[in-house]
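Just below is one structure, and these are the notes that go with it.
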Amino acid sequence: MDAQPAVFKRIERVSVKDQVLRQLRRYIASGVLQPGQKLPSERELAERLGIGRPSVREALKVLEAIGLVESRIGDGTFITDQVGASIGRTIGLSLMTWGGTIVELLEARRMIETEAARTAAEQATEEEQAALARDIARMAVATTFFEYLEADMRFHRLVAQATHNTVVASIVAHLVDLLEEVLREANTDALAMTAEGNGTHQEVLAAIQQRAPEAAADAMRRHLRFATELWQAVISLSTAGQPAPPEADTL
C-alpha cells in the first residue's frame, strides 16, 4: 500500500453567518465602511451576498453585540462611532479567553508604544507636544500615586494619539486602561517610586519635540523598562510588604 502523505488537513467548514461576519468586519476595519455610514437593509444585503436573510440577521446581531454597528428602530443599521472601543473589548475578552498575564500585557505595551513614540516624533503637532508637556508637569506636582497615575496614563494615550493612527491610539488606550485598572485594584500608594519614571517621560517628549524618531523610540523603550519594574513593584507591595524601588541603572 502506498504511504499516505501527512500534508493534507481537514477542510474547515465555515458557516454562512461567519462568512458574512468576517466580510463585514474586514470592510469596517479597512475603512470601506465608515463610522456613521448606513448599511443596506437585511433584504438588500442578502440579495447582494446571495444568501438568506437569517444569516445576515445573525451576523448583524454579533456585530451589534461587540459594538461595531447599531440598529436604530425605523431607521436601519449604522456603523458606530465607537469602533475603537470595540477593539478594547476584544482585547479584554482575549485576555480572559487566552489566559494572558500582566507580564504579557506589559510586553505587548512595550512593543506597540515604542513604535508609537517613533511615529509621534514624525507626526506630533505643536498642540500635541504642549499637551504632553502639561501631563509631565502634572506628574511632577502630584501629591498621591493616583494623581500621578492619571497624568501618566494620559501621557501615554496622547503619544499614541500623536501617531494620527486611530487603530494604534485605540489599542494603546485600552492596554493602558487594563493596566490602570490593575493598579487601582492594588490600592497602593507608590508615589516615592515614580521620580525616575518622570525623568524618562521627559526624555520621550524631548525626542518628539526634536523630531528624532530613533531617539523617541529608545527613550520610550527605556521608560517602559522602568515602568515594568514599577508595575511589578506596586503589585508586590500590595501583597508582600515593601519592595525596593526599581534601580535606575537597569534602564
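The values are calculated or read from the model by the stated rules, or taken from the named source; none is laboratory data. Quick caveat, the model's predicted, so the values are computed rather than measured. Note that we place each Cβ from the backbone using ideal geometry, even for glycine, and neighbour counts take in every protein chain shown.
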Segment 197-225, residues that are of a type in the set (A, V, I, L, M, F, W, C) and either farther than 15 Å from residue 105 by Cα or outside the structural domain of residue 180 (by TED's automatic domain parsing) (or both): 204, 205, 206, 207, 208, 212, 215, 216, 217, 219, 220
Enumeration of residues in segment 52-61 that are of a type in the set (Ser, Thr, Tyr) and either part of a loop (DSSP other than H, G, I, E, B) or closer than 23 Å to residue 166 by Cα (or both): none
Name the single residue that is farthest from residue 125 (Cα to Cα) among those in segment 180-220 being at pLDDT 95 or above and not in a helix (DSSP H, G or I). 212
Within segment 115-145, of all residues that are of a type outside the set (S, T, N, Q) and not in a helix (DSSP H, G or I), the one farthest from residue 198 (Cα to Cα) is 124
Looking across segment 72-83 at residues that are part of a strand (DSSP E or B) and in contact (Cβ under 8 Å) with a residue 24 or more places away in the chain, the single one that is surrounded by the fewest Cβ atoms within 10 Å (Cβ to Cβ) is 76
Restricting the search to segment 24-51, which residues are of a type outside the set (A, V, I, L, M), surrounded by 13 or more Cβ atoms within 10 Å (Cβ to Cβ) and either over 21 Å from residue 166 (Cβ atoms) or not assigned by TED's automatic domain parsing to the domain that holds residue 75 (or both)? 40, 41, 42, 47
Just to be sure I understand the filter: pairs with C-beta atoms under 7 Å, separated by 6 or more residues or on different chains, first member in segment 141-160 and assigned by TED's automatic domain parsing to the domain that holds residue 124, second member of a type in the set (Lys, Arg). Which pairs pass? 151/138
Examine segment 62-71 for a residue that is surrounded by fewer than 13 Cβ atoms within 10 Å (Cβ to Cβ), farther than 21 Å from residue 166 by Cα and at pLDDT below 80, and state whether such a residue exists. yes
Members of segment 115-145 found to be closer than 16 Å to residue 161 by Cβ and hydroxyl-bearing (Ser, Thr, Tyr), listed by number: 119, 125
Whether any residue in segment 155-169 is at pLDDT below 85 and polar (S, T, N, Q) is what I want to check. no
